[in-house]
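The values are calculated or read from the model by the stated rules, or taken from the named source; none is laboratory data. Every value quoted in this text rests on a predicted model; they were computed, and no experiment measured them. Neighbour counts run over all protein chains shown; Cβ positions are idealised from the backbone, glycine included.
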Amino acid sequence: MSQKVLAALTAAFPDAVVRTGSAHDDETAWIKREELLAVATWLRDDPAMAFDAPVFCTCIDWIDWRPVGRPVSEHWSETKPRFTVCYQLRSVAHKHRIRLEVELPEHDPRLPSLADVWPAFNWQERETFDMYGIRFDGHPDLRRIYLYEEFVGYPLRKDYPKEKRQPLVRRDDLPVNPLKAPHARHESDNK
Amino acid sequence: MADAQSLKQLVLGRKDVQDMSDEESELPPELMTVNMGPSHPAMHGTVRIVLTVDGEKIVKSDIQPGYLHRCFEKESEYATYTQVFPYTDRLNYVSPMINNVGWAMAVEKLLGLTGKLPRRAEYIRVIVSEMSRMTDHLTCIGASAMELGAFTPFLYFLKAREWLYELLEKISGARLTHSYARVGGVVKDLPLDFEADLTLCLDKIDPVIVDVEKMLLSNKIFYDRVVGIGAMSREDAIKTGCVGPIARAAGVDYDVRRDFPYSVYPELEFDVPLGTTGDCYDRYLVRLEELRQCARILRQCMRQIPEGAFVVDDPRVAMPPKKDAYNTIESMIRHFKHIVDGIRVPPGEAYAFLEGGNGELGFFVVADGTGRPYKAYCRSPSFVHLSTASQLIHDHYIADVVPIFGMINMIGGECDK
């Protein structure tokens, strides 16, 4: 049933759809990021598509991708896009689903935000930003959501070590960095 | 007299209202910022709400989850597929069985095992899921009623929940963190006499539901606190991604069990209750009716459950029986590989979803051929529902935050992952 959706999408946006797939019965379309907003709006508004219900948004970091039993050419390399942002959508009326995937290069992980198209993606995109550092252009309120603002780095990226700790506690027993301390003592204070 | 007045002023720290001029006695017109949470007795989980209030009316709110973030996804990437089950227990800790089954379904989808499980395993999964759904709804209604001052329904429902927990403990060995489902089935068969136990339990729960319904349905205090509070239109519910009882209370006719049937749900008969107004009262009614439907499904399951295996007969995923593991070298090696390397899942990505206690719960898994997931994402309904709460409490009073949050049933573990 959903193959029809992929066919219609490819027919409507032949330039925007990079490729499609339906592995494990999950209909998936890879979209160019410049066209994402147009494709998303069309999917929502076209009566035959009517993807009115958003499901989830997340990201995959491919930097460690070395699948077992597949040729080396399929492994991740510097020339391949590092991130894939996935949007899963559902239609209440037609009961079909589709997943949009947008591939992003490592040096420029940004894409247009879909928070205005489906309000549910507001928080989901904040989560993706929090965990993967993907910048969503046009997002109304792109802040960290699970972690605190002082957190450095993006924990779900594959190059963030699992053992790394960043507790948000005040430690008076540690030596103070004189450059960062707001009221660094000056020698003259001791006099 | 003058002395008395100045003494009064000294005690009060300000002039008495009677002595003030009209200008002085007006309340300050500025907006005030109030912190609610993160650890607040009326919050189901740890969540912080920064409220901007005009008097007692909420004009703006910023909801900040994350106080219970335990890195489910990062930890899962370093665990074998079987080792993830205990982590899923701790997502929605009120209905852990459904999370277990959801994770198992996602891995099975990648393995191509969907629909190839023994029928007994599928029935067992449905039974434990529906029992978990009951515990979820019992907790939600009970706790919400308690927060509005009705303590008795809470005690009644928690007593009923404890009967279910006792049964679940009999099945899995743990009261709360069951880790019962496995890829390809469940870890062990149902205990002896389970059918009689469950029937007895359901027969005991039915009158409790009636009792609580009587207590709340015609209760003016409860009624006044929930009717028209936190209402959501059908369109809003759809586009904000709401699912489960919250969406159904708003009139969205969507239930994964019926619309995208999985497991043996097509063979079972049940109704999907719908609300009309989408306010807290309808959410309560929907959950109450779903309790009855769960009991109905459970009774059908007990009649229809076939004999047979409880785990798929596939050496890739099933652990060898203990007897073989101790006595034959092949099974010993298989057991060892299973524990150390985990289940080898072919490379690919899949999203599997099912009806959780709060709605569509899904797992998006990317596999790279090793025994550990390359990526494991949990689509938690609580997180999506909490994102709408800011809209729901807008223009309500501070006291209304309590029933709205109670009926959203935000589970901290699931929301913050």
(request) Might you check whether a residue that is crowded, with 24+ Cβ neighbours inside 10 Å and within 8 Å of chain A (Cβ to nearest Cβ) occurs anywhere in segment B:403-416? (result) yes
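For every residue, the table says whether it meets (1) in contact (Cβ under 8 Å) with a residue 60 or more places away in the chain; (2) of a type outside the set (A, V, I, L, M); (3) closer than 18 Å to residue B:375 by Cα.
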site	(1), (2), (3)
A:89	no, no, no
A:96	yes, yes, no
A:104	yes, no, yes
A:129	no, yes, yes
A:134	yes, no, yes
A:144	no, yes, no
(request) Spot the failing condition for residue A:103; the list is (1) assigned to a strand (DSSP E or B); (2) surrounded by 21 or more Cβ atoms within 10 Å (Cβ to Cβ), and only one is missed. (result) (2)
(request) Kindly establish whether residue B:131 is within 14 Å of chain A (Cβ to nearest Cβ) and under 19 Å from the mean Cα position of the chain (by Cα). (result) no
(request) State yes or no: is residue B:344 of a type in the set (D, E, K, R) and within 17 Å of the chain's Cα centre (by Cα)? (result) no
(request) Write out, first by first residue and then by second, each pair whose Cβ atoms fall under 7 Å of each other, whose residues are 6+ apart or on separate chains, and whose first residue, in segment B:343-355, is more than 8 Å from every other protein chain (Cβ to nearest Cβ) while the second is of a type in the set (Phe, Trp, Tyr). (result) B:343/B:81; B:345/B:81; B:352/B:363; B:354/B:262
(request) Considering (1) farther than 20 Å from residue B:303 by Cα; (2) within 19 Å of the chain's Cα centre (by Cα); (3) at pLDDT 90 or above, say which one residue B:144 fails and leave the rest. (result) (3)
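Is there a residue in segment A:71-80 that is within 25 Å of residue B:414 (Cβ to Cβ), more than 13 Å from every other protein chain (Cβ to nearest Cβ), of a type outside the set (Val, Ile, Thr) and outside any loop (DSSP other than H, G, I, E, B)? Steps first, please.
Taking segment A:71-80 as the starting set, the residues that turn out to be within 25 Å of residue B:414 (Cβ to Cβ) are none.
So far as segment A:71-80 goes, no, none of its residues is within 25 Å of residue B:414 (Cβ to Cβ), more than 13 Å from every other protein chain (Cβ to nearest Cβ), of a type outside the set (Val, Ile, Thr) and outside any loop (DSSP other than H, G, I, E, B).
Here is a yes/no grid of residues against (1) buried (at least 19 other Cβ atoms within 10 Å of the Cβ); (2) touching a helix residue (DSSP H, G or I) at 6+ places or on another chain (Cβ under 6 Å); (3) not charged (D, E, K, R):
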residue: B:338; (1), (2), (3): yes, no, yes
residue: B:364; (1), (2), (3): yes, no, yes
residue: B:375; (1), (2), (3): yes, no, no
residue: B:380; (1), (2), (3): yes, yes, yes
residue: B:384; (1), (2), (3): yes, no, yes
(message) Against the condition away from chain A (no Cβ under 14 Å), over 18 Å from residue B:126 (Cβ atoms) and either modelled with pLDDT of 90 or more or surrounded by fewer than 23 Cβ atoms within 10 Å (Cβ to Cβ) (or both), how does residue B:78 come out, does it pass?
(response) no
(message) What pairs come out if I take residues in segment B:250-272 that are not assigned by TED's automatic domain parsing to the domain that holds residue B:388 and outside any loop (DSSP other than H, G, I, E, B) and pair them with residues that are modelled with pLDDT of 90 or more and crowded, with 16+ Cβ neighbours inside 10 Å whose C-beta lies under 9 Å away, six or more apart or interchain?
(response) none
(message) Looking only at helices (runs of 4 or more DSSP H) that lie completely in segment B:181-244, which have at least 3 residues being under 22 Å from residue B:144 (Cβ atoms) and in the same structural domain as residue B:259 (by TED's automatic domain parsing)?
(response) B:194-217, B:220-226
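Scan segment A:61-76 and tell me whether some residue there is closer than 16 Å to residue B:242 by Cα and crowded, with 17+ Cβ neighbours inside 10 Å. Working first, answer last.
Residues of segment A:61-76 that are closer than 16 Å to residue B:242 by Cα, as a first pass: none.
No: segment A:61-76 contains no residue that is closer than 16 Å to residue B:242 by Cα and crowded, with 17+ Cβ neighbours inside 10 Å.
Per-residue answers, yes or no, for (1) in contact with a Phe, Trp or Tyr (Cβ under 7 Å, 6 or more places away or on another chain); (2) surrounded by 13 or more Cβ atoms within 10 Å (Cβ to Cβ); (3) assigned to a helix (DSSP H, G or I):
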| site | (1), (2), (3) |
| --- | --- |
| B:14 | no, no, no |
| B:24 | no, no, yes |
| B:30 | no, no, no |
| B:41 | no, no, no |
| B:50 | no, yes, no |
| B:53 | no, yes, no |
| B:60 | no, yes, no |
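Restrict the check to segment B:324-332 and report whether at least one residue is more than 14 Å from chain A (Cβ to nearest Cβ), closer than 29 Å to residue B:275 by Cα and either crowded, with 24+ Cβ neighbours inside 10 Å or β-branched (Val, Ile, Thr) (or both).
The initial filter retains those residues of segment B:324-332 that are more than 14 Å from chain A (Cβ to nearest Cβ), namely B:324-332.
From the residues that got through so far, the ones that are closer than 29 Å to residue B:275 by Cα too are none.
So far as segment B:324-332 goes, no, none of its residues is more than 14 Å from chain A (Cβ to nearest Cβ), closer than 29 Å to residue B:275 by Cα and either crowded, with 24+ Cβ neighbours inside 10 Å or β-branched (Val, Ile, Thr) (or both).
What residue, of B:87, B:93, is surrounded by 13 or more Cβ atoms within 10 Å (Cβ to Cβ) and in a loop (DSSP other than H, G, I, E, B)?
On the way: B:87 fails: in a loop (DSSP other than H, G, I, E, B).
Result: B:93 is the single residue among B:87, B:93 that is surrounded by 13 or more Cβ atoms within 10 Å (Cβ to Cβ) and in a loop (DSSP other than H, G, I, E, B).
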(request) Name every residue in segment A:43-65 that is under 22 Å from residue A:131 (Cβ atoms), more than 7 Å from chain B (Cβ to nearest Cβ) and out of contact with any Ser or Thr (no Cβ under 8 Å at 6 or more places or on another chain), in order of residue number. (result) A:61, A:63, A:64
(request) Count, please, the residues in segment B:356-378 that happen to be within 10 Å of another protein chain (Cβ to nearest Cβ) and more than 9 Å from residue B:106 (Cβ to Cβ). (result) 11
